[in-house]
């Protein structure tokens, strides 16, 4: 059981693995990464859009690249997996260019934290048509609104999907004197996840970009934030309030320990949260006066309700639950969920950040990964809270020691991984990115969170005005780069096809919604 933070020597990569991969670095060619990027639609004056999902963008239920997240006004833009960061950014930019064309006088909010001056009940939840699965998606979101409030659900971020190439696994298994199999791949990804949870505070420090919020987001509760100006609250050394108590945190889930020691332990602990009734949610009710308020009264309605910083993932078949897919076919990739939108970047992320994430995630995969425990989960959460609220404070102490010493040790090991990736791709970009981020660790003023506060101070503007200005800049950036005619035609074809697919799904339903829901919510295998 690990409760205290790691000793610096515990962070070192096994030399046999490093030497073996140096001798065959080609096995690292073909790392795959994809992005799911959330953004709110806003009017020109920064107000949340109350319009339906634009029909020109396609059907949110079935479009492979353009959907909605919690709110009807919260777009989620999805890339395919790519074998280069630049390819991923190109596709994300192209999707944005098509979307901006279809938004008319609206734009995408550039920041993770919203500025909403309307009641919770006025925030529109996503609507997905009349099919059973579409109605279930809406009821799930209705339940999230009842459980956590719609305002919290309007917070946006970037999810980073990551997998290592198939050619890597036989080589890696041989270095560990193991048999290469799906079970070995799944076990290795769970080791990555355990290490990621231990070290993800570093990503929050390096990439957090939400140190301030609009005062309306905090309400009148004891939030502990300080006034920056009449309309803005902040903490002087905060990094990512999105990942703290005002963001994706849940009191109901605070005592929940999901074990990542194996697929079996993950499934068992997740299944308990999916099946055990939770009294406060029982008080909400399920079907009241003929309308569903939520899917069920368990602590988690479905797997996606668990607010983890990283998830094991497997592509699902139609009608299949995520946990069932994992049990049947093992882990295929991981989804990183702790990344803020960078309001200074048109699509919220860039190729340099992706290269850093590739190094960091590969380090988490290759490094020794002891079992987790409920006690360690609590300690990890304490570290995360410290970095969220005081991450840039001088001499910040975490459970493993001083922020700079601990982060420096992790980055030194990531630098060795960067050398492997440079050799595999005949470049020096990975090492260059690691060097830049080591400077960011040593100088907190170079972090995105510090840059946000500096922009507020320099222009003497509230957070709302800053985010509105950045949103408008990005809108102009995309408007000045219209899609070529052939690319535009392909996006329009894809949008039209998504409506055809949704209509087909609605026509193919053979049971009523009540029966569908009963079958769908049967506890996963």
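From 495, 455, grab the single residue that is within 27 Å of the chain's Cα centre (by Cα), free of Cβ contacts under 8 Å to residues at least 24 places away in the same chain, on the phi < 0 side of the Ramachandran plot and surrounded by 13 or more Cβ atoms within 10 Å (Cβ to Cβ).
Of 495, 455, the one residue that is within 27 Å of the chain's Cα centre (by Cα), free of Cβ contacts under 8 Å to residues at least 24 places away in the same chain, on the phi < 0 side of the Ramachandran plot and surrounded by 13 or more Cβ atoms within 10 Å (Cβ to Cβ) is 455.
Among the candidates 234, 223, the residue that is farther than 20 Å from residue 441 by Cα, under 25 Å from the mean Cα position of the chain (by Cα) and modelled with pLDDT under 95 is uniquely 223. Residues that are in contact (Cβ under 8 Å) with a residue 60 or more places away in the chain and either under 25 Å from residue 342 (Cβ atoms) or within 18 Å of the chain's Cα centre (by Cα) (or both) number at least 3 in the following strands (runs of 3 or more DSSP E) confined to the range 1-118: 32-42.
If we keep just the residues of the range 146-169 that are part of a helix (DSSP H, G or I) and in contact with a helix residue (DSSP H, G or I) (Cβ under 8 Å, 6 or more places away or on another chain), which is modelled with the lowest pLDDT? Among those residues, the one meeting the criterion is 151.
For the range 321-335, the candidate set comprises residues that are in contact with a strand residue (DSSP E or B) (Cβ under 8 Å, 6 or more places away or on another chain) and surrounded by fewer than 20 Cβ atoms within 10 Å (Cβ to Cβ); within that set, the residue that is farthest from residue 189 (Cα to Cα) is 322. Could you list all residues from the range 171-197 that are under 20 Å from residue 359 (Cα atoms) and without any contact (Cβ under 8 Å) to a residue 40 or more places away in the chain? The one that is under 20 Å from residue 359 (Cα atoms) and without any contact (Cβ under 8 Å) to a residue 40 or more places away in the chain: 173.
Per-residue answers, yes or no, for (1) out of contact with any strand residue (DSSP E or B) (no Cβ under 9 Å at 6 or more places or on another chain); (2) within 22 Å of residue 372 (Cα to Cα):
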{"position": "230", "(1), (2)": "yes, no"}
{"position": "256", "(1), (2)": "yes, yes"}
{"position": "263", "(1), (2)": "no, yes"}
{"position": "276", "(1), (2)": "no, no"}
{"position": "297", "(1), (2)": "no, no"}
{"position": "306", "(1), (2)": "yes, yes"}
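Does residue 129 meet the test of being at positive phi, touching a helix residue (DSSP H, G or I) at 6+ places or on another chain (Cβ under 7 Å) and either modelled with pLDDT of 95 or more or not in a loop (DSSP other than H, G, I, E, B) (or both)? When the stated conditions are applied, residue 129 passes them. Which one of these does residue 141 not meet: (1) touching a strand residue (DSSP E or B) at 6+ places or on another chain (Cβ under 6 Å); (2) closer than 21 Å to residue 358 by Cβ? Exception for residue 141: condition (2). Restricting 87, 143 to residues that are more than 21 Å from residue 41 (Cα to Cα), surrounded by 21 or more Cβ atoms within 10 Å (Cβ to Cβ) and either out of contact with any helix residue (DSSP H, G or I) (no Cβ under 7 Å at 6 or more places or on another chain) or at pLDDT below 95 (or both) narrows the list to 143. In this entry, residue 189 passes the filter for residues that are crowded, with 20+ Cβ neighbours inside 10 Å, over 30 Å from residue 110 (Cα atoms) and at pLDDT 95 or above. On the given criteria, is residue 432 within 30 Å of residue 111 (Cα to Cα), in contact (Cβ under 8 Å) with a residue 24 or more places away in the chain, surrounded by fewer than 19 Cβ atoms within 10 Å (Cβ to Cβ) and under 28 Å from the mean Cα position of the chain (by Cα)? When the stated conditions are applied, residue 432 does not pass them.
Screening 447, 427 for residues that are farther than 26 Å from residue 378 by Cβ and surrounded by fewer than 16 Cβ atoms within 10 Å (Cβ to Cβ) leaves exactly one candidate, 427.
Quick check, is residue 119 at pLDDT 95 or above and surrounded by fewer than 21 Cβ atoms within 10 Å (Cβ to Cβ)?
Values: at pLDDT 95 or above: no; surrounded by fewer than 21 Cβ atoms within 10 Å (Cβ to Cβ): yes.
Considered against the rule, which asks whether it is at pLDDT 95 or above and surrounded by fewer than 21 Cβ atoms within 10 Å (Cβ to Cβ), residue 119 comes out as no.
Taking residues in the range 336-359 that are surrounded by fewer than 23 Cβ atoms within 10 Å (Cβ to Cβ), and partners anywhere that are in a loop (DSSP other than H, G, I, E, B), the pairs with Cβ atoms closer than 6 Å and at least 6 places apart or on different chains are 337/309.
The values are calculated or read from the model by the stated rules, or taken from the named source; none is laboratory data. The structure displayed is predicted, hence computed values, not measured ones. Using ideal geometry, Cβ is built from the backbone for each residue, glycine included, and neighbour counts are taken over all protein chains shown.
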